[in-house]
Amino acid sequence: MHDMSAATTSVPDWLEAALDYVPRWVDFQLQQVDQPGCAIAVAHRGEIVMEEAFGVADLATGEALTPRHRFRVASHSKTFTAAGILKLKERGLLRLDDAAGSFVQGLHPDVANVTLQQILSNSAGLSRDGGNAGYFPGLRPFLSAAEIKEALTLPPPLPAAARFKYSNHGFSLLGLVIEQVAGEPYRDWIMREVVGAAGLTETFADIGLMTEGPFAKGHSTRLPVGRRLVLPGDMATADMAAATGFASTAGDLARFFAQLSPNSDSQLLSPLTRRDMSRPHWRDRETALDRAYGLGTISGTLRGWDWFGHSGSFIGTLSRTAVFPAEDLTISVITNAIDGPAQALVDGIAHILKTFRERGAPAPEIADWAGRWWMMWGAIDLVPVGNRVLAYAPALPTPLSEASEIAVTGLDSGTIVRAPGFASPGEPATRTRDADGMVSEVWLGGVGLVSEPDFIETMLSRFGS
């Protein structure tokens, strides 16, 4: 079982049971898509109840990844910057309807007239990355303040308040606003007033501030080269740090975002500000995904669970954090490959938590049915939940879906009481034991499954030549 010693609040039985299964599903998913590494963290009521790391921090060296490794978390930076602007607003040092040109001079008139609220909600119509975004793949340095302002002397592509339009230039501009209002460099102020105030010890506004602690390298996709290449991802982001510079751990991201929940006891921002920050302001209507943008946050709904958070993509890394306020849960996933399934893993972990939340921890008499079994068509996980044992393929992107439900009737016997029509509803589910009394086979209807070592031996003996 995973370590939950860091948690000081009581963990419900259903959550403990869910978190016991989460790493097994995540590990299978990562092996299936051949990922270098991944770190995950889950917070409940603001407390970290799980931190796990999988795989390697660097394919070239084989260094094992740990929960203490820092990653580039890219556009998670926008949420830190938004919290900074909102903190200045609460102190009466600016208003959200102030024009950007009130703080930063030399902008195009249409850029100067956009409000801080419009920039925070990515509805200011500003260019996403300017005319040359080569700084993201490392082909040129990230922009200085002078270069950002020069780029913003051009007219914006779209008028303000017309639609959702993501902009790294916009959040870089917010960093310059913070510097003008605070009277000190963005990095210094944000590290003290937001990162430090939130109690984070593994988060840095740019890579140059990270003087100690392990750092996870990024990795390319396998195609078209045919193998993953190591991408250092250690370039400084200059005056674009407010948009994309941060480095952090999954645990620190979960701690920070949990404090932005309207239900949190945190004093970082007022509950009113947190409600405004996390609510939908602009829908992203040009995608099949059901999502919206708030003030430095992304939001949506997952099977009835409302969430807000952010995602990030740097050279060689993909990350995502989601807060489920009504459930007092926060999930953060950071992967160190540019095709890392951070989005899918957050959704999958949430689905596991939701299933256990609705059905409860497993009854004691069925708990020992848990395990992974193999057949020619892949693995089947037996997951006891409530008074049923769910049997499903962990290869599925939505865990515990398309499951057969087994009602256990004896030590090693049961009936498949519910299942998809292409499975074996109404048929028996049985376990076979060896001479030592250990379960050696599981039968679901007429399909026999064995342990992973036995399956490997059988496959090699039959097909290995």
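Brief remarks on what is shown
- Selected residue [of a type in the set (S, T, N, Q) and either surrounded by fewer than 22 Cβ atoms within 10 Å (Cβ to Cβ) or in contact with a Cys (Cβ under 7 Å, 6 or more places away or on another chain) (or both)] from S440, S404: S440
- Annotation for the range 114-131: no member residue is more than 18 Å from P157 (Cα to Cα) and touching a Pro at 6+ places or on another chain (Cβ under 8 Å).
- Test: residue in the range 362-373 that is surrounded by fewer than 22 Cβ atoms within 10 Å (Cβ to Cβ), more than 28 Å from V450 (Cα to Cα) and either touching a strand residue (DSSP E or B) at 6+ places or on another chain (Cβ under 8 Å) or basic (K, R) (or both): no
- Sole exception among (1) more than 22 Å from the chain's Cα centre (by Cα); (2) in contact (Cβ under 8 Å) with a residue 60 or more places away in the chain for P271, by number: (2)
- Elements of type strands (runs of 3 or more DSSP E) contained in the range 418-465, each with 3 or more residues being under 39 Å from the mean Cα position of the chain (by Cα), closer than 12 Å to W374 by Cα and assigned by TED's automatic domain parsing to the domain that holds A379: 439-444, 447-450
- G386 being more than 20 Å from F80 (Cα to Cα), buried (at least 24 other Cβ atoms within 10 Å of the Cβ), at pLDDT 95 or above and out of contact with any Asp or Glu (no Cβ under 8 Å at 6 or more places or on another chain): no
- Under the condition of being part of a helix (DSSP H, G or I), farther than 29 Å from S332 by Cβ, touching a residue at least 24 places away in the same chain (Cβ under 8 Å) and out of contact with any Leu (no Cβ under 9 Å at 6 or more places or on another chain), the residues counted in the range 72-129 number 1.
Conditions (1) more than 27 Å from T115 (Cα to Cα); (2) of a type in the set (S, T, Y); (3) at pLDDT 95 or above; (4) touching a strand residue (DSSP E or B) at 6+ places or on another chain (Cβ under 8 Å), marked per residue:
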residue: T201; (1), (2), (3), (4): yes, yes, yes, no
residue: G208; (1), (2), (3), (4): yes, no, yes, no
residue: R222; (1), (2), (3), (4): yes, no, yes, no
residue: L231; (1), (2), (3), (4): yes, no, yes, yes
residue: D234; (1), (2), (3), (4): yes, no, yes, yes
residue: S261; (1), (2), (3), (4): no, yes, yes, yes
residue: L269; (1), (2), (3), (4): no, no, yes, no
residue: Y293; (1), (2), (3), (4): no, yes, yes, yes
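- Cβ pairs under 6 Å, 6+ apart, first in the range 306-317 and within 14 Å of F257 (Cβ to Cβ) and surrounded by fewer than 24 Cβ atoms within 10 Å (Cβ to Cβ), second at pLDDT 95 or above and of a type outside the set (S, T, N, Q): S311/R320
- Candidates I331, I338, filtered to the one that is touching a Leu at 6+ places or on another chain (Cβ under 7 Å) and either surrounded by fewer than 20 Cβ atoms within 10 Å (Cβ to Cβ) or assigned to a strand (DSSP E or B) (or both): I338
- A residue that is surrounded by fewer than 18 Cβ atoms within 10 Å (Cβ to Cβ), free of Cβ contacts under 8 Å to residues at least 12 places away in the same chain, hydrophobic (A, V, I, L, M, F, W, C) and more than 22 Å from D234 (Cα to Cα) occurs somewhere in the range 142-154.
- Residue pairs meeting the criteria (Cβ under 8 Å; at least 6 apart or on separate chains; first within 19 Å of L65 (Cβ to Cβ), in the range 214-225; second β-branched (V, I, T) and part of a loop (DSSP other than H, G, I, E, B)): P214/T66; G218/I315; G218/I338; H219/I338; S220/I338; T221/I338
- Among residues of the range 256-272, those that are part of a helix (DSSP H, G or I) and surrounded by fewer than 19 Cβ atoms within 10 Å (Cβ to Cβ), counted: 2
- The residue list F142, F171 contains one member that is of a type outside the set (G, A, S) and touching a Lys or Arg at 6+ places or on another chain (Cβ under 6 Å), which is F171.
- Given (1) out of contact with any Leu (no Cβ under 6 Å at 6 or more places or on another chain); (2) under 30 Å from G340 (Cα atoms); (3) touching a residue at least 40 places away in the same chain (Cβ under 8 Å), index of the condition G378 fails: (3)
- Residue among G378, G348 that alone is out of contact with any strand residue (DSSP E or B) (no Cβ under 7 Å at 6 or more places or on another chain) and buried (at least 22 other Cβ atoms within 10 Å of the Cβ): G348
The values are calculated or read from the model by the stated rules, or taken from the named source; none is laboratory data. Computed from a predicted model, the values in this text were never measured in an experiment. Positions of Cβ are backbone-derived with ideal geometry, glycine not excepted, and every protein chain shown enters the neighbour counts.
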